[in-house]
Every structure is written in C-alpha cells, then in structure tokens.
Amino acid sequence: MKIAIYPGSFDPITIGHIDIIKRASKKVDKLIVALLYNTEKSKGLFSISQRLSMLNLATNKLDNVIVTSYNGLLVDLMKTVGTNIIIKGVRNIKDFEYEKDMALINNNLDTNIETFFLFANPKYSFISSTFVRELLYFNKDIDNYVPSEIVSFIKKVR
Ligand code: PNS
C-alpha cells in the first residue's frame, strides 16, 4: 500500500491546501494529513484542537485521507505511521527555497525519505494561512480562501 504524508501547520487550512490534498490523494492509496506543531516554538491563532476539527471537516468526504497531529519531528511521526513519502505544495520561489532545505534535512535525518512537490494551482498560489489570519484580525471575509466546510466553524470560534 502506497502511503504518503502531507504535513503542515494548517492555521487554518486553506483552499490551496485542499487542492494539494485532493491531487495528491489521487496518486496514493492513503494520504495522511499531519498537523505538526510545537507549542513552545509558536502558538498560532487557532488551537491545535480547532485546527484538527477544521482539517477533519475539510477532508471528511475524501475516502483515502486521514488526519493526525504530532508534537515533534516529521521524520519521527513518519516512522510511527509507516511512510517515507512526503508531499509538499510549492507556490513560488520563496516556498521553493524553504522547501528545498526542508526536504534535504528530512532526507539527511532518514535517507529513505523522499519529498515530492506539487506546484500550486495558479488560482490559489497567492493564498496563505498567514493572509487568512490577517484578514480575520481585521474582520474581513475569508470565505473565498478557506474550504466552504470550515467557514461557519471559523465564524463561530472567532
Ligand atoms: O504549514 P507550514 O508552516 O509550511 O508547515 C511547516 C511544517 C510544520 C511542515 C514543518 O515546520 C515541519 O515539518 N515541522 C516539524 C518539525 C520538523 O520535522 N522539522 C524539520 C527538521 S529539523
């Protein structure tokens, strides 16, 4: 069984993330969407449990997608869940620079691990969780940037 992992901080999940999840899940038997966090390093806008709820709501209809969370290194989670394939989305050159180093460090930590990149759909390449958080801060609409399944959840908790 081909299992891959799509890690992120998902604070919150955006339609750009969902697009990558849908495309990647068609290429593997199982896609694990993993919320990686380190509460000591960064707090985030949404709590871990809120982010997990949003991930579950947004991926609910995708049969071969499961959601998990982990406080630690991605490579350690990957050993536990039994995969050596990382999926990442790349929107622009800034993502590329960062993700290249991340792929290399993960491969250094475990040489069996490979990272596969999907280019973001240009329609979504300007969307980021950071922008969504900023719009929320200034009470602007975020409906066009997050999966429809989580719009009312966000309105309830913000
Ligand atoms: O959504 P993001 O912020 O691009 O996600 C980044 C994330 C969480 C995938 C990345 O920071 C990560 O993998 N963190 C876990 C710690 C880790 O394994 N770091 C890499 C080796 S030092």
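The values are calculated or read from the model by the stated rules, or taken from the named source; none is laboratory data. Because the structure is a prediction, the values reported are computed rather than measured. A quick note on method: Cβ atoms are made from the backbone with ideal geometry, for glycine too, and the neighbour counts reach across all protein chains shown. Heads up: the accessible areas ignore ligands, DNA and RNA and are worked out on the full protein's heavy atoms, side chains in. Shrake-Rupley method; radii C 1.70, N 1.55, O 1.52, S 1.80 Å.
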*Looking at the stretch 48-70, is at least one residue in contact (Cβ under 8 Å) with a residue 60 or more places away in the chain, touching a Leu at 6+ places or on another chain (Cβ under 7 Å) and more than 20 Å from residue 119 (Cβ to Cβ)?*
no
*Out of the stretch 129-138, which residues are under 20 Å from residue 99 (Cβ atoms) and either surrounded by fewer than 16 Cβ atoms within 10 Å (Cβ to Cβ) or touching a Lys or Arg at 6+ places or on another chain (Cβ under 6 Å) (or both)?*
130, 131
_Residue in the stretch 97-122 that is surrounded by the most Cβ atoms within 10 Å (Cβ to Cβ), counting only those that are in contact (Cβ under 8 Å) with a residue 12 or more places away in the chain and in a helix (DSSP H, G or I)_ = 106
*In the stretch 30-55, which residues are among the charged types (D, E, K, R), assigned to a strand (DSSP E or B) and open to solvent by less than 20 Å² (accessible area, probe 1.4 Å)?*
none
*Output for the stretch 123-141, where each listed residue is basic (Lys, Arg) and either touching a helix residue (DSSP H, G or I) at 6+ places or on another chain (Cβ under 9 Å) or assigned to a loop (DSSP other than H, G, I, E, B) (or both)*: 123, 140
_Criterion first (over 24 Å from residue 157 (Cβ atoms) and either among the hydrophobic types (A, V, I, L, M, F, W, C) or within 14 Å of the ligand (Cβ to nearest atom) (or both)) does residue 54 satisfy it?_
no
*Under 6 Å between Cβ atoms, at least 6 apart or on separate chains: pull out the pairs that start in the stretch 1-29 with a residue that is more than 26 Å from residue 45 (Cβ to Cβ) and part of a helix (DSSP H, G or I) and end on any residue that is away from the ligand (no atom under 11 Å from the Cβ) and open to solvent by less than 40 Å² (accessible area, probe 1.4 Å).*
25/31; 25/62; 25/65
